[in-house]
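Contents: one structure, followed by commentary.
The values are calculated or read from the model by the stated rules, or taken from the named source; none is laboratory data. Keep in mind that what you see is a predicted model, and the values were worked out from it rather than measured. Note: ideal-geometry Cβ built from the backbone for every residue, glycine included; neighbour counts use all protein chains shown.
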Amino acid sequence: MIHYENSIDIQKPRELVFNFLTLPSNWAEYLPTTIAVTPVISRNFNVGVRVTETLNILGSKTDIQWTCKKNDSLSFYEIEGISQKHGGSTTLLSYEFSGQNGITRIKRVISHRFDKLRMRILDPIWKIYFMYEANVAFKRAKQILESLTDDSINKRT
């Protein structure tokens with residue numbers, strides 16, 4: 001099993017950061033491997049709702065079926081993804097939001113398990129990939145959010 005945590009501070013209010021990052025229609029903008037998310041959801045990703053994220057991972061297209069498991073609309077968000085590619089895998093991804101005075105701290109935790117032994121053997125290599133993807137995603141999100149006005153972020157969420 002792969003487990004990785006990272007965090008970042010973004011100079012925007014928590015509600016704006018939460019709404020932007022958890023909205024599936026925004027994922028392709030800041031997640032480096034996301035090609036598309038269907039159906040397009042341009043509102044809060046509520047518990048039980050499912051979407052399909054199409055990714056390009058190392059040149060291979062992969063679909064992940066995500067289900068929202070927890071969403072308190074302000075401080076915690078958790079989704080579970082299942083992929084059938086390469087023998088199957090399950091991913092649990094959570095975001096924890098905290099902050100004050102217009103600065104939001106985001107902690108992202110990813111736990112990933114491949115179903116097939118042949119893929120689990122490559123866990124150390126996959127962990128490097130997950131670490132790269134997570135760090136790039138946060139840097140992009142920070143750049144996007146800090147370059148926009150609060151009003152323009154509100155219009156996108």
*asked:* Show the residue pairs meeting these rules: Cβ distance below 6 Å; 6+ apart or different chains; first residue within segment 30-50 and over 20 Å from ILE144 (Cα atoms); second residue among the hydroxyl-bearing types (Ser, Thr, Tyr) and surrounded by fewer than 16 Cβ atoms within 10 Å (Cβ to Cβ).
replied: THR38/THR52; ARG50/THR67
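Rundown of residues vs (1) part of a helix (DSSP H, G or I); (2) surrounded by fewer than 16 Cβ atoms within 10 Å (Cβ to Cβ); (3) among the charged types (D, E, K, R), yes/no style:
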position: THR54; (1), (2), (3): no, yes, no
position: GLN65; (1), (2), (3): no, yes, no
position: CYS68; (1), (2), (3): no, no, no
position: SER98; (1), (2), (3): no, yes, no
position: TRP126; (1), (2), (3): yes, no, no
*Given (1) outside any loop (DSSP other than H, G, I, E, B); (2) more than 28 Å from MET119 (Cβ to Cβ), where does GLY48 come up short, assuming only one miss?*
(1)
*For segment 128-157, name all the residues that are closer than 18 Å to ILE57 by Cβ and surrounded by fewer than 14 Cβ atoms within 10 Å (Cβ to Cβ).*
ILE128, TYR132
*Residue by residue through segment 121-147, note down the ones that are touching a residue at least 12 places away in the same chain (Cβ under 8 Å) and either over 17 Å from the mean Cα position of the chain (by Cα) or on the phi > 0 side of the Ramachandran plot (or both).*
ASP123, GLU146
*Read through the list (1) touching a residue at least 60 places away in the same chain (Cβ under 8 Å); (2) surrounded by 14 or more Cβ atoms within 10 Å (Cβ to Cβ); (3) in contact with a Phe, Trp or Tyr (Cβ under 8 Å, 6 or more places away or on another chain), then give the number of the only condition that LEU74 fails.*
(2)
*If VAL40 passes every condition in (1) exposed (fewer than 15 other Cβ atoms within 10 Å of the Cβ); (2) within 19 Å of SER111 (Cβ to Cβ); (3) β-branched (Val, Ile, Thr) but one, which one does it miss?*
(2)
*Might you check whether a residue that is within 18 Å of ILE8 (Cα to Cα) and crowded, with 17+ Cβ neighbours inside 10 Å occurs anywhere in segment 110-123?*
yes
*Output the residue which, of all residues in segment 26-45 that are outside any helix (DSSP H, G or I) and not β-branched (Val, Ile, Thr), is nearest to the chain's Cα centre (by Cα).*
LEU31
_Condition met for THR104 (crowded, with 16+ Cβ neighbours inside 10 Å, polar (S, T, N, Q), modelled with pLDDT of 90 or more and touching a strand residue (DSSP E or B) at 6+ places or on another chain (Cβ under 7 Å))_ = yes
*Out of the residues in segment 70-83 that are in a loop (DSSP other than H, G, I, E, B) and polar (S, T, N, Q), which is nearest to GLY48 (Cα to Cα)?*
SER73
*Within segment 9-25, which residues are buried (at least 17 other Cβ atoms within 10 Å of the Cβ) and part of a strand (DSSP E or B)?*
ILE10
